[in-house]
Structures are given as C-alpha cells and as structure tokens.
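The values are calculated or read from the model by the stated rules, or taken from the named source; none is laboratory data. From a predicted model like this one, the values you see are computed outputs, not experimental measurements. Counting neighbours? That spans all protein chains shown, and the Cβs are built from the backbone with ideal geometry, glycine included. To get the accessible areas, we keep the full protein, side chains included, count just its heavy atoms, and leave off ligands, DNA and RNA. Shrake-Rupley method; radii C 1.70, N 1.55, O 1.52, S 1.80 Å.
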Amino acid sequence: MPPLSPPSPSPSPSSSPSSASDPFPASPVSAPDGSPSLSRDDVVRALRAAGCVFAEDEAELLLDAARTPDELAALVDRRVAGLPLELVVGWAEFHGLRVAVEPGVFVPRRRTEFLVAQALARVPHASVVVDLCCGSGAVGAALASALGRVELHAADIDPAAVRCARRNVTALGGRVHAGDLFEALPGRLRGRVDILAANVPYVPSGEVPLLPAEARDHEPLTALDGGADGLDVLRRVAAGAARWLAPGGCLLVETSERQAPDAVEAFTRGGLTPALVVDEELYAHVVIGAKDR
C-alpha cells in the first residue's frame, strides 16, 4: 500500500520535518537555558522549526508519551530528525484503536479505514477473517474489534511485521502467521474465509524513490513496492482468493485510481465478481471481489 499521505496519530496528518534527510540533527533539542526540561511551547517551537505543520497536535502527543524530561527531549529529537510521529510515540490511531507500531513496520494509513468500513458493510456477520499482508495487523484488529467473536488470522512475509502484528492481534484472540501470502495460512481455512482483506503493496517500482521520506526511509520495501506496474502482489492474491473464500465471502484490496481498471480485471480473471468503491475525501479506492454463493 503506497504511503501517499502518511497520517499521524493526531487529528490531522503531519508533514515530514524539513530535516528528514538528515537523521542526525546538528544539536539536540533543549530548553532555552540548556537543560533537557522542555515546556510545551519549547516543543511546539522545535517541531515548527523542523517543518511539522501540525506542531501543536504533535507536541501534545509527545508530552503525553514522555515519562521524564530526558525522555521528552529524546522523543522531540527523533521527530525533528524526521522519524515518523507514529514510530516516535509507538502507536498509530486506526479505526478507533491505538495500534502498536515499531521501526521497520508499515504504518497504517487512515484512508485504509474505508476498506474496513466496506468489509463490515458487505459481510456484517463474518465469522472468519483473514488479514493478508498484515503489517502491524491494524486491519485485522479493527475488523475483529468491530465484529466481536470471530476467528481472526493475519499473515505477513516480513518477520518484523509478524512480531508487531502479534502485539495487536493476539490480544483479540487472533493468530499471526509468517509466510508468503496464502502459503502462510492453515489449510483448514480453505473455503471458510468470510472477509479476506489484503493490504498489498501497490507502488510501481520506479515510483518508490518518489515517495515521502517518512515512508521511503523508514518503512520496509516489501510493504511498498508492487512491481513494475504496482499490481504484482494484487494479481497473485486475486488469482488465489476464490479457493479460500466461503460462499458469499469477499476479497478487499486497496489500490489507486490509475490502477483500478487493471485490478478489477484481475479480480474477474480470478473468478470473483468485482466492484470498485471510492471515497473521494480520503482518496481511497478499494476493489471488492465477491465469491458467488
């Protein structure tokens, strides 16, 4: 999934600090008298000087996360250096949840909440949910939290993602598996999955260097690079999904406006009945593939 507009845990998205290209600021942030004890105004000034558009919101989050003055100074230093805010505070807000995130793991985007909403609308009584390419496990956690008692499985090929997802998914009674797409899943799930959410990478390889520094420099390439046209992983998921879906179940994948027609075609070739749904405000495009009953 491409991070075209990385969110912050704050009410509004943050912008990357202008110093993001330099991971080591010239000097650490400190109070005007040289001590590490920072006031709220000190933090806001430091963030604003680094180019953070929503400095006031971010300052509140950093102040809340810090347990000591020294820790606050360290958190501000990390944010000023360009580390995504979510990785600084250790969580991202997603669909009403605080989802734990770690360095080297894809940060869930607020626009992906649209995919969750579509899944809940299409299969409101789902009993088996799979979060494929799960990253932090945010999508699966959000679905399980909304649905109540479900059998939840999440899978990712990246060991860091698997470790992080376990922090978010096991608390809801789910299981996280390591492996490549469907190969990671228990065979007993074939033909039983009601909601298959696959937050696949879909940035074309040649466009990865054009992504915002917060994503390009701090998130795994496997979560961003979708191949030459960005649809390599999506096509693999679409081709195999029908064997895993229950009758009436659906596959949901986020893509871009430009890629949507080819994504719909891939769903059709995979034996699914496709539909494209769009949220213009979030700039979210989700392809839904239903398996006939």
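Students often get this wrong: which residues of the stretch 242-271 have the backbone nitrogen under 17 Å from the point 7 angstrom along Cα-to-C-beta of D292?
242-251, 267-271
Summing -39500 (n - 2.57) over the DSSP H runs of n ≥ 4 in the chain and dividing by its residue number, what mean residue ellipticity at 222 nm do you reach, to the nearest 500 deg cm²/dmol?
That calculation yields -9000 deg cm²/dmol at 222 nm.
Please work out the average accessible area per residue across the chain, using the 1.4 Å probe convention, and give it in Å².
So the chain comes to 42 Å² accessible per residue, rounded to a whole number.
Report the accessible area of R175, computed with a 1.4 Å probe over the heavy atoms of all protein chains in place, in Å² rounded to the nearest 10.
Counting only protein heavy atoms, R175 exposes about 120 Å² to solvent.
Can you tell me the equivalent ellipsoid semi-axes for the stretch 64-159? Use √(5λ) from the Cα gyration tensor, largest first, whole Å.
After scaling each eigenvalue by five and taking roots: 31, 13, 11 Å.
Where the eigenvalues come from the Cα gyration tensor of the stretch 88-129, what are the semi-axes √(5λ) of the equivalent ellipsoid, largest first, in whole Å?
Values for the stretch 88-129, descending: 24, 11, 9 Å.
Given just the C-alpha atoms of the chain, how large is their convex hull per residue in cubic angstrom?
114
Report the extension gain between S205 and A178 in nm, rounded to one decimal, defined as 0.36 nm multiplied by the number of residues separating them, less their alpha carbon distance.
Once the chain is fully extended between S205 and A178, it gains 7.3 nm.
Roll a 1.4 angstrom probe over the protein heavy atoms and tell me the percent of accessible area of the stretch 183-293 that is carbon or sulfur.
52
I need the fraction of alpha carbon pairs in the stretch 227-293 separated by more than 19 Å, rounded to a whole percent.
27
Quick one: go through the stretch 138-167 and flag any residue whose amide nitrogen is under 14 Å from the point 7 Å out along the Cα-to-Cβ line of A65.
Hits in the stretch 138-167 for A65 at 14 Å: none.
So how long is each side of the stretch 107-151 along the principal axes, counting just the alpha-carbon atoms, biggest first, in Å?
27, 18, 15
Using the 2.2 N^0.38 Å rule of thumb for compact globular proteins, work out how the stretch 234-273 stacks up: its C-alpha Rg over that value, please.
In units of the globular-protein estimate, the stretch 234-273 measures up at 1.10.
Please list log₁₀ I(q)/I(0) at q = 0.14 Å⁻¹ for the stretch 185-266, using the Debye equation with identical point scatterers on the alpha-carbon positions.
Log-scaled intensity ratios, in q order: -0.53.
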